[in-house]
């Protein structure tokens, strides 16, 4: 293309720019005239939007005209400012390089870019625009077919689904760290999509919705729902992870734990003597002192008994399915039957009444709460554990954001004055003499608020999350956890490796049921429970494990928090939106919002959060970036939390500065040949290399001065309005520019550091030690002299300044020598670790015990040696140094002797014993209240301490196994055992005896008698043979010979079986007692309706399964 064609293309673009400018002026001028002449209050916002569109047209036309009209001048100006290495060949000289594409190819590139967009994405953008336009202006394509409330409902879902597809396409096409950031922020993007959709909806409805969010309340409510769902979801996830089926009975196991807590609450064992009479804790008068013994033992008992229930169900039911290699779907349906049985047992024993677990009446008082407000914030070691900005109430306004008031007591002058303030406008109706004042409300308002967290709610949140975190640590750090993960990955390979697969299944069943039972006890403290409550939590728990990826406990933990927060956030929005749309029942959709959010997230990550997190960790491992949950990352997270709690939002800046210095100390290396280096910014680093050292120093000082000056001006200049917003924006730009200059000057000046550190690189290790000791001793000596030389006057002030400079110089020398001695220090620690590993086990234990004794002896000397004066101050300093050395020696030896320690000691049992002894005064009933009941806490602690010595336990169990082996070698005993096992089944017999003797219900006693009879093998074999013969004769009499062998599995046999159970159901329905014929007809009609509904569902399920598999 020659110069003339290029000029034609430029003129076309300039014409387009002029057309946009003229169109914008025409639209804007007409709207301004209309607004001057007066606009109805309901259409004022619409006219303002048209005026904004006109401004956009004018700005776009001006940008296009300037770019193409002055493009050549801009090009020459920019190229003249760039360095020679970046400039192109002068425009008036010939060149062999490929010339840049002419400007006319810009339209062709736009067409190529448009053609490269997939058709599905174009359709999604079109649907998105149609939905947004239809919601805002109550029109669109769907308005041709439907109208009224169904129109905006369809357009709402149209907007959500199309925007989800656009977000899904973007996440799949992004690469690198941008994609990682986008995936992490996708939940917030989905919330923004919902917010924008609400904005368009209520603008179209010409109304304003103002949901109010109390931040602390939303946070703790979200965590409450997360804990309630997680108590079931963690059991579901663990069961699926190891046994690969969905356990529908998990909610009932949680309720079993809750009813264990109720039973212990009613137990006469936990009583208080009041006036010589035994009174239950729930009946004792309040004394505003919380007691923890009943809560502790209820949680422990709930965990243990519910875990044993899980093991019993697994042994009786699920293990039989595993032996027959049943499908996971069959085990899932069996779990549904188990859930119905457990729910029926709870109904039989406790009825349909709702109960609340009250460990102490003081737990239900209004004073048993923690306040979160500006005046009262929980703190620890002087650090506020709650940021002040969380004690806020935020109100968002979606829609018109206007408030109109009519005043009949104003004259025209007063009406004009009423519209002059900011965010106000007024109009005078001359016919009626009424002044309409319009207030334009802000989109967001914030105000201080307070929140009171009930201790019962906090107990549920802390207890469930702590249990799940401990489970995650157990799965990742213990031998049992590794065995469970091996069985989950490949049971056959795990069994061939020597792992007892059935024992692992029992352990997983115990943990899954036990944690749910533990959560049920805490759940019953805050919510009234009946046997039907489990169904309301089970389905959200399934949504949690699906969102978090089936089998991923970390994914379930994250997903529960997300689901809980979505429910807590959606409640205020639905309540306010329902009232404005004359649909108060919309508040009930609070339970459905997590599922809608789940659909949106699964469109982006079909396999859930846990799968995405696992893949992310795999990618980090491939790139040698370490684990996400490494010690370094955990420390950085804790540092960030401390910075935020202590310094609010400024903590982000402080955290970034600390990370920057950590990076410097870790990556800067000083040697003979290499020089320190930092990543440099593109182009800016090239420019700084051309400057001299003095110029770099000048830029550093100027940038630091600019940052300080801008900070002072930003603090002094504040206000409300567009001008102040513009000034704040300029201050931000100047601060960022100053930080860039500051960083670039440091990065470019590092190469000059070799002139400073160059001579120091030739120092030997002995010289570094001498300089280190000299700096430290000099600082201490100067400090002692400064302490002795004290007085008032100019001479003493000058002396103090000199001493301060000397102390600082000594400390700087110490820091520099430590920095230069990093290789020696690293080598020293490595040598120490190597020597510790080379020690024998006896020497390692001697080192640990000696270090503990040395530390205890120094601490004892420190306690008995006390006084005032510089001598005692020096002695205390020496004691502190010795204590730190002793603790370091013990910790380092333990870290290098983990295998020997774990072989000899059970650290978990030691921890339990220590906690029992420490909290004995809190959990021992006899020490908490006036009672004779005793739980033997101290004795249990000593028992755990004894069992923590693995050599002793190995000796005891070894002797027991030797005794059993000796007994089993006796031929008479072996024959007796074989005869007994041939005649009886021990586990059903024991279970039946327990039910028959110790359960006070006749129906359960009959069930126990059934288990006793079932345990007799000859009887069961005889009955089974008779049943088999009867079944064979029955099917042979009513079916052809070719189909008789299939029995009820054949088509006709299945219909006959169905007819038999239907007749049995009709008989039971007729047998049910009833008062009148009307109630009898209601019972029968209800059963008929249920049978019809279940028949339709079964036929549909079979049809769907037969077609799709």
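Numbers for the structure displayed
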| read-out | value |
| --- | --- |
| Criterion: more than 20 Å from residue 556 (Cβ to Cβ), under 27 Å from the mean Cα position of the chain (by Cα) and assigned by TED's automatic domain parsing to the domain that holds residue 317 - qualifying residue of 503, 479, 485 | 479 |
| Any chance residue 251 is surrounded by 24 or more Cβ atoms within 10 Å (Cβ to Cβ) and more than 30 Å from residue 446 (Cβ to Cβ) | yes |
| Residue in the range 191-205 that is at pLDDT 90 or above and surrounded by 23 or more Cβ atoms within 10 Å (Cβ to Cβ) present | no |
| Condition check for residue 161: more than 30 Å from residue 470 (Cβ to Cβ), assigned to a helix (DSSP H, G or I) and either out of contact with any helix residue (DSSP H, G or I) (no Cβ under 6 Å at 6 or more places or on another chain) or not assigned by TED's automatic domain parsing to the domain that holds residue 302 (or both) | yes |
| Residue 854, sole failed condition from (1) part of a loop (DSSP other than H, G, I, E, B); (2) surrounded by 14 or more Cβ atoms within 10 Å (Cβ to Cβ) | (1) |
| Residues of the range 445-476 that turn out to be farther than 20 Å from residue 225 by Cβ, in contact with a strand residue (DSSP E or B) (Cβ under 6 Å, 6 or more places away or on another chain) and surrounded by fewer than 18 Cβ atoms within 10 Å (Cβ to Cβ), as a count | 3 |
| Answer from 881, 842, 874, 890 - the residue that is surrounded by fewer than 16 Cβ atoms within 10 Å (Cβ to Cβ), more than 30 Å from residue 788 (Cα to Cα) and out of contact with any strand residue (DSSP E or B) (no Cβ under 6 Å at 6 or more places or on another chain) | 842 |
| Selection count where residues are in contact (Cβ under 8 Å) with a residue 40 or more places away in the chain and part of a helix (DSSP H, G or I), scope the range 913-926 | 3 |
| Among the candidates 575, 545, residue that is crowded, with 20+ Cβ neighbours inside 10 Å and out of contact with any strand residue (DSSP E or B) (no Cβ under 7 Å at 6 or more places or on another chain) | 545 |
| Residue list for the range 973-988, restricted to those being assigned to a helix (DSSP H, G or I) and either at pLDDT 85 or above or farther than 18 Å from residue 317 by Cα (or both) | 973, 974, 975, 976, 977, 978, 979, 980, 981, 982, 983 |
| Residues of the range 766-801 that turn out to be more than 54 Å from the chain's Cα centre (by Cα) and assigned to a helix (DSSP H, G or I), as a count | 8 |
| Condition check for residue 910: in a helix (DSSP H, G or I), within 25 Å of residue 950 (Cβ to Cβ) and modelled with pLDDT of 85 or more | yes |
| Breaking point among (1) in contact with a helix residue (DSSP H, G or I) (Cβ under 9 Å, 6 or more places away or on another chain); (2) touching a residue at least 12 places away in the same chain (Cβ under 8 Å); (3) over 30 Å from residue 843 (Cα atoms), for residue 874 | (2) |
| Pairs, first free of Cβ contacts under 8 Å to residues at least 40 places away in the same chain and in the same structural domain as residue 261 (by TED's automatic domain parsing) in the range 457-474, second surrounded by fewer than 21 Cβ atoms within 10 Å (Cβ to Cβ) and in a helix (DSSP H, G or I), C-beta under 9 Å, six or more apart | 473/481; 474/480; 474/481 |
| Members of the range 317-355 found to be in contact with a helix residue (DSSP H, G or I) (Cβ under 7 Å, 6 or more places away or on another chain) and outside any helix (DSSP H, G or I), listed by number | 355 |
| Residue among 748, 754, 809 that alone is modelled with pLDDT of 80 or more and assigned to a helix (DSSP H, G or I) | 809 |
| Criterion: surrounded by 14 or more Cβ atoms within 10 Å (Cβ to Cβ) and farther than 30 Å from residue 1102 by Cα - qualifying residue of 319, 335, 368, 376 | 368 |
| Filtered residues of the range 140-154 (kept if modelled with pLDDT of 80 or more, outside any loop (DSSP other than H, G, I, E, B) and either closer than 17 Å to residue 206 by Cβ or under 37 Å from the mean Cα position of the chain (by Cα) (or both)) | 143, 150, 151, 152, 153, 154 |
| Subset tally (residues that are without any contact (Cβ under 8 Å) to a residue 12 or more places away in the chain and in contact with a strand residue (DSSP E or B) (Cβ under 9 Å, 6 or more places away or on another chain)) for the range 927-943 | 0 |
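The values are calculated or read from the model by the stated rules, or taken from the named source; none is laboratory data. Please read these numbers as outputs of a predicted model, since none were measured by experiment. We place every Cβ from the backbone using ideal geometry, glycine too, and count neighbours over all the protein chains shown.
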